[in-house]
Structures are given as structure tokens and as C-alpha cells.
Amino acid sequence: VSNQRVCDSHFDPSSFKTNQNNAKFNLTTKISKRLKRDAVPVHSIATAQSTHSTRSVSTQTDLDMNYLSNLFEKLSLYEQKLLNTTICIERFRDDDTNIKYYTDFKSYKLFCLIFELLQTHYDNHFIMYSMRNECGTLHSTSPDTCLITKENQFFLFMIRLRQATEEHELGIFFNVSQSTVSRIIIAWTRFIYSVLSSISLWPSKKQVQQNLPFEMKKNYPTVRVIVDCTELEIEKPSNPQAQQDTWSTYKNTNTVKALVGITPNGIVSYISSLYGGTTSDGSLLNMTGPGSLSWPSAMI
């Protein structure tokens, strides 16, 4: 009976004790009643509430179901509106133009194909990152925490590669902190490198000969690989020795250099490790290239 009002009508007459002194000396005074210590209400307290509503149970249920249906519809519209105002792979499932723009993959289908191939090598211990709520704080690691899916992590990584988008901007796009974006990029770079570096790109001599273009077959029938050095600009290292090792007089900045080889029909068949910008092209070819395997120069 908590939070309910009670009055003397809820008790039996035997539950009260009267003040006899007042009754004896002042007959005009109303006899006061006081409850005994062990008195308890014996009549129902909420009888008046039973007829408060005239609606049937079925009508109430129907109203509740209609309300829930409308609520779910509003939530669905809100979810769709939210999806259309954020950057995520789900938004572009039917938009190959933007898939091409953000990732350089020709279609969402191709994006999924590459992702599925990578996923077969995906480590179960790969880090998952929590998304921020509207207040900008990270969710807890509870089971219902909204996480950036592996597919969206890959999407973020490809945007970074294709568009060179700043980490701060990517954090706004995916509603995560800049430090989280940085960790995702580093983790996926290492992951994809470990997968792709295990794949042998070097074709056999027979495969190269079978696919020689007509002009190459006519003028360079024994060629197997076409090589060139490529140079990439990097941030200035903090270590003085690293600054010296990566300084390129040709580019007038700090760079790293690699040797890249292609087959005569244009397929990438060799990529060397990275070296500092001070390394000459000839030295790089002798140290890491096919020439270091003592193949005849006519094949290179």
C-alpha cells in the first residue's frame, strides 16, 4: 500500500481506541479516534481504480501496436537520413561512380571481391575501433557498442590511399578520433603488406614468352622484365642520419626509392624493398633487382 492514502473507512471499528475523558467532560466535543498500534487496513484501497478506464484490453493493445509501428517507421526514416549524411561503404552499394572516386575500384562488386580475398587472411586479433557518440566520447566496449566494421575500415584505408585525405578529415567522415584513424591506417598498411608480400608476382619465362606483344617479340624476343626506379617523397625524418640517408639531390627533398619491374605486356612483376633517396639507380638494380641474380642483361 505504499504511496496510497488511507482513511478510517479502511479499518474495522475494533482497530480504534477512543478518548473517554473527552466524552465524559465535554459531550459536545466530537469523540476522537486513534488507531491502535497493531491496526492494519482490512478493506481494499484501490477499488475505485478498477473502473477508471472503459477501454477494453484489446483496444489498448491495438493502440500500443499502432504506436510501436509508427515509432519503428520514424526510426527507419531517421536511420536512412543519418546514413545519407555520413561516409560509409553501405551508402555507396549502388553508386559505382563514388566507389571509383573514393577507392579507384571500378565498382562496389570489385571492392567486395578484394575485401573478401583479404578477409580470408584476417587475423582474429585484428583491432576493432569504437565509434564516437554525438558528444564525441568513445563508447564502452560493451557488446552493444557500435563498431567500425572491417569493411568500413578497409574503405577508410582506401580513401586515404586514393585521395590522400587528411586523418582529421577522415575522423569527421567516420565519426572517430584522429588517433583512431591513424591506428586504423597503420594496422591496415601492415596487414595488407603482409598479405600481398606473400604473393609471388614473378612469372615464369614460358608465361612471359607466351604473352609477348608482337613488336617486343620482333625486336626483343628474349626480354623478360622492364625495370625502372621510382622515387616517393616522405616527411623529413627527425633522426639526422635518416635525413642524410633519404635526401635526394634530384628531388631536392627527402625520399625513398624502389625498383619496379613489369613484364613486356605491362603487368607488374617485381617490386623491391625501399631504400633511401641517396641510393643511385644503378646501385639499386645491382643490390635488389633481377640483375643481382646474374641473368643475361638482354633479358632485362
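The values are calculated or read from the model by the stated rules, or taken from the named source; none is laboratory data. These numbers were taken from a predicted model, which means no experiment stands behind them. Ligands, DNA and RNA are excluded from the accessible area calculation, which covers all protein heavy atoms including side chains. Shrake-Rupley method; radii C 1.70, N 1.55, O 1.52, S 1.80 Å.
Some notes on this structure:
- Solvent exposure, largest accessible area first (probe 1.4 Å, DNA, RNA and ligands not counted), of His121, His10: His121, His10
- For segment 205-299, the solvent-accessible area of protein heavy atoms averages 65 Å² per residue (probe radius 1.4 Å; ligands and nucleic acids excluded).
- When the pairs Lys106/Lys218; Lys205/Lys257; Lys106/Lys150; Lys74/Lys150; Lys218/Lys251 are compared against a 32 Å limit on Cα-Cα distance, Lys106/Lys218; Lys218/Lys251 fall above it.
- A straight Cα-to-Cα reach below 30 Å connects Lys36 with the lysines Lys17, Lys24, residues fewer than 8 places away in its own chain not being considered.
- Only aspartates and glutamates eight or more places from Lys33 in sequence, or on another chain, were considered; those with a Cα closer than 19 Å are Asp8, Asp12.
- Surface accessible to a 1.4 Å probe, Lys236 within the full protein complex, Å²: 140
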